[in-house]
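**Q** Quick one: the structure is below, questions incoming.
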Amino acid sequence: MATEDIRKDLRAAVAARQELGPEYELEVIEGFLAKLDAHTAQHLATPPVKAETPSREGDPGGLALAIVSVAAGIPITAIAATQEGAFAIVICWGGLVGINLARSISRFIGR
């Protein structure tokens, strides 16, 4: 890891300073800072890794929700038709469409 390399370089610079004495302190510090600058420049030059967004094919939740909506819609339609009529059917299917639409919008915004 890059952080570990920087730590090793710093330890080496401190050891070199202790071994060479205070008269070489400026050169040791300059050498370490040059390595640190090179590492920073290299790190800034590399493009950031883009997190992969889940594909629609890899997310079976949308398909499962659609299947459950249709399966639930059949008995809901039958109950609504016998109890309240066509207006109740429109309200029930509107709710099922709204649930699926909300999930689609949240997936689109979540990208």
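The values are calculated or read from the model by the stated rules, or taken from the named source; none is laboratory data. Keep in mind it's a predicted model, so treat the numbers as computed, not measured. FYI the Cβ positions are ideal-geometry reconstructions off the backbone, even for glycines, and counts take in every protein chain you see. Remember, those area values only see protein heavy atoms, side chains included, never the ligands or the DNA or RNA. Shrake-Rupley method; radii C 1.70, N 1.55, O 1.52, S 1.80 Å.
**Q** Can you name every residue in segment 29-39 that is open to solvent by less than 60 Å² (accessible area, probe 1.4 Å) and closer than 10 Å to ILE6 by Cβ?
**A** If the condition is that a residue be open to solvent by less than 60 Å² (accessible area, probe 1.4 Å) and closer than 10 Å to ILE6 by Cβ, then PHE32, LEU36, HIS39 are the ones that fit.
**Q** Name, by its number, the condition in (1) open to solvent by 40 Å² or more (accessible area, probe 1.4 Å); (2) at pLDDT below 90 that does not hold for THR82.
**A** Only one criterion is unmet by THR82, namely (2).
**Q** As an exercise: evaluate GLY58 against (1) at pLDDT 75 or above; (2) over 30 Å from THR3 (Cα atoms) and give the number of the one condition it does not meet.
**A** (1)
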